[in-house]
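Working notes, structure below.
FYI, it's all coordinate maths here, none of it is from the lab. Bear in mind the structure is a predicted one, so any value in this text is a computation, not a measurement. Cβ coordinates were reconstructed from backbone atoms using ideal geometry, including for glycine residues, and neighbour counts include every protein chain displayed.
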Amino acid sequence: MHSRDLGKDNGEVLLITEAKQKVLEKFAEGRRYYKMMDFAKALQAFEEALAIDPEDGPSKVYIDRCKFYLQNPPPEDWDGVFIMKTK
């Protein structure tokens with residue numbers, strides 16, 4: 001498994017695996033689509049991130065939100081904030 005040097009934190013070198021880097025890239029792609037209200041493309045990107053790392057919590061959250069918004073589109077002036085309707 002390859003890793004990338006992210007610099008230093010408190011004198012320790014921080015490394016990120018290539019797989020995690022790909023997850024981060026897919027997640028960022030999903031967020032861009034999400035903010036543009038393109039929930040189908042966002043869902044696809046988050047699902048691709050989750051396929052790489054099935055434990056990626058943020059992708060799981062956004063997958064649920066995308067599915068919700070595909071069924072219940074937000075208003076045109078939506079600011080990107082998700083309001084929980086139930087606990």
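The table below lists the values:
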{"item": "Dimensions in Å of region 9-69 - Rg and Dmax from alpha carbons", "result": "12.9, 44"}
{"item": "Sites ILE16 and LYS67, calculated FRET efficiency, Cβ-Cβ separation with R0 41 Å, nearest 0.05", "result": "0.90"}
{"item": "GluC sites (Glu not before Pro) within region 28-74: DSSP coil, no more than 11 neighbouring Cβ in 10 Å", "result": "GLU55"}
{"item": "Residue-by-residue Karplus 3J(HN,Hα) for region 18-25, coefficients 6.51, -1.76, 1.60, Hz, glycine and proline x", "result": "4, 5, 5, 4, 5, 4, 4, 5"}
{"item": "Extension gain (nm, one decimal) between LYS60 and GLU25, 0.36 nm per residue minus Cα-Cα", "result": "11.1 nm"}
{"item": "Long-range amide H partners of THR17 with built H, under 5 Å", "result": "ARG4"}
{"item": "Calculated FRET value between LYS85 and ALA40, using beta carbons and R₀ = 25 Å, to 0.05", "result": "0.70"}
